[in-house]
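Working notes for the structure below.
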Amino acid sequence: MKTLLRSTAVILVMIFSFAFAEAITVYKSPTCGCCQEWVGLMESAGHSVTVEHPVDLDKTKQQLGVPKALGSCHTAVINGYLFEGHIPEVDIVAFLANPPVGAKGLAVPGMPARSPGMAAQGQAYQGFKVIGFDDQGNYSLARQY
Amino acid sequence: MFGPKRFVQACTIVLALAGIEPVLAAAGDESPEDDPAAALAAGQELYLSAGGYGCLVCHGQVAHGAGQVGGMIRGATLAQFQTSLEQVPVMALLAPSLSMTDRLNIVEYLNYLGDLPLVSLTYRDGHWQAQTQVLQVGQWAQLVLYNDSFETQSLDLAELGLATLAVLPLATLDILWRPTSASFALAGVAPIQAMPLDLR
């Protein structure tokens, strides 16, 4: 019975993920390898990713409205929302399925060692927070790993 | 002035460029800045902006680690920097964008930071906690305050001869400070711990 439930859950998650497959634009630096690793994870999950290498990445982040305190190496834009840094794909999908009122996006500040795109293959994600932010400068905890 | 650090750096360049005429390596276009202040400023600028995201993303605002993947690199040598650029995969792509002058300037800044004892004050789980390196009376040190909460937090620093500071949510503040004693206690701060060499 447990196996059946687990299988059903896995199938539902897969259907859910692909039903919410998104077109993603990622702004990154050509000198950043871990950004590319994160892009690969998003593509593996079924999303279509367009990579941009702006001349001034910092200025691009400012223009997009990424809070300075939440900065990381790359910024993804999906459906007008911002996703800064090494956010697990599952959290992005969950956010897009039900965006909080006034929400502007999610962020994983900095470069946590065991975040997607940084962690070794098969290594569990841990030791970082996924932080929600809105257009009023408020932050909230979306998930703790 | 050509101090001991410059001498070590110059020697390291020669080793790194093994096979190339040492005099040329030190005196050619790739030579370090002659003006230490300019080198320091250029190094800081690069630290904050290299690659479009800056070294701070992996090492913290003032190279103090900040719990990020790269850890604390205050006082890193040119040899260590070169090795990382060659051997650490996430840094290898950055290497071609940094000239030898850029690398020397960054190391100059890291050495400057390495000479500043660090006091780390972090607001987490409802209270401030502190870690400190060994302080010398009258020698400049650096205070780094990080607010790991979603509300602005204030800290009374009168004991240190400084004004109360307000730190915005998830923000980091760094300030220079000249201690008047080798140890201190702050109201509302957990007992101060000696700082490990690497903050990761």
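Which condition breaks for A:GLY137 when tested against (1) in contact (Cβ under 8 Å) with a residue 40 or more places away in the chain; (2) surrounded by fewer than 16 Cβ atoms within 10 Å (Cβ to Cβ); (3) farther than 22 Å from A:THR50 by Cα; (4) away from every other protein chain (no Cβ under 13 Å)?
(4)
Would you say B:LEU78 is at pLDDT 95 or above and out of contact with any Ser or Thr (no Cβ under 6 Å at 6 or more places or on another chain)?
So B:LEU78 fails the test.
Residue check, A:ASN98 against (1) farther than 20 Å from B:ASP148 by Cβ; (2) within 14 Å of the chain's Cα centre (by Cα); (3) not hydrophobic (A, V, I, L, M, F, W, C), all met but one. Which one?
(2)
If we scan the stretch B:92-102, do we find a residue that is assigned by the TED database to the domain that holds B:CYS58, loosely packed, with under 13 Cβ neighbours inside 10 Å and hydroxyl-bearing (Ser, Thr, Tyr)?
Within the stretch B:92-102 (the criterion being assigned by the TED database to the domain that holds B:CYS58, loosely packed, with under 13 Cβ neighbours inside 10 Å and hydroxyl-bearing (Ser, Thr, Tyr)), the answer is yes, since at least one residue qualifies.
Among all residue pairs at least 6 apart or on different chains, which show Cβ distances below 8 Å where the first residue, located in the stretch A:110-121, is touching a residue at least 60 places away in the same chain (Cβ under 8 Å) and at the interface with chain B (Cβ under 7 Å from one of its Cβ atoms) and the second is part of a loop (DSSP other than H, G, I, E, B) and β-branched (Val, Ile, Thr)?
From the stretch A:110-121, the pairs are A:MET111/B:VAL69; A:MET118/B:VAL69.
Evaluate the following for B:THR101: is it β-branched (Val, Ile, Thr), touching a Pro at 6+ places or on another chain (Cβ under 9 Å) and either closer than 26 Å to B:GLY51 by Cβ or part of a strand (DSSP E or B) (or both)?
For B:THR101, the condition - β-branched (Val, Ile, Thr), touching a Pro at 6+ places or on another chain (Cβ under 9 Å) and either closer than 26 Å to B:GLY51 by Cβ or part of a strand (DSSP E or B) (or both) - is met.
All but one of (1) β-branched (Val, Ile, Thr); (2) closer than 25 Å to A:CYS35 by Cα; (3) away from chain A (no Cβ under 14 Å) hold for B:ILE73; which doesn't?
Here B:ILE73 meets the rest and fails (3).
Has the stretch B:189-196 got any residue that is in contact (Cβ under 8 Å) with a residue 60 or more places away in the chain and within 14 Å of another protein chain (Cβ to nearest Cβ)?
Checked against the condition, which is being in contact (Cβ under 8 Å) with a residue 60 or more places away in the chain and within 14 Å of another protein chain (Cβ to nearest Cβ), the stretch B:189-196 yields no hits at all.
Just to be sure I understand, how many residues within the stretch B:81-97 are within 9 Å of chain A (Cβ to nearest Cβ) and assigned to a loop (DSSP other than H, G, I, E, B)?
2
Residue by residue, here is whether (1) modelled with pLDDT of 95 or more; (2) under 17 Å from the mean Cα position of the chain (by Cα) holds:
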| residue | (1), (2) |
| --- | --- |
| B:ASN105 | yes, yes |
| B:GLY114 | yes, yes |
| B:VAL144 | yes, yes |
| B:ASN147 | yes, no |
| B:PHE150 | yes, no |
| B:LEU170 | yes, no |
| B:PRO179 | no, no |
| B:ALA190 | no, no |
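The values are calculated or read from the model by the stated rules, or taken from the named source; none is laboratory data. Keep in mind the model is a prediction, meaning the values are calculated, not measured. Note that we place each Cβ from the backbone using ideal geometry, even for glycine, and neighbour counts take in every protein chain shown.
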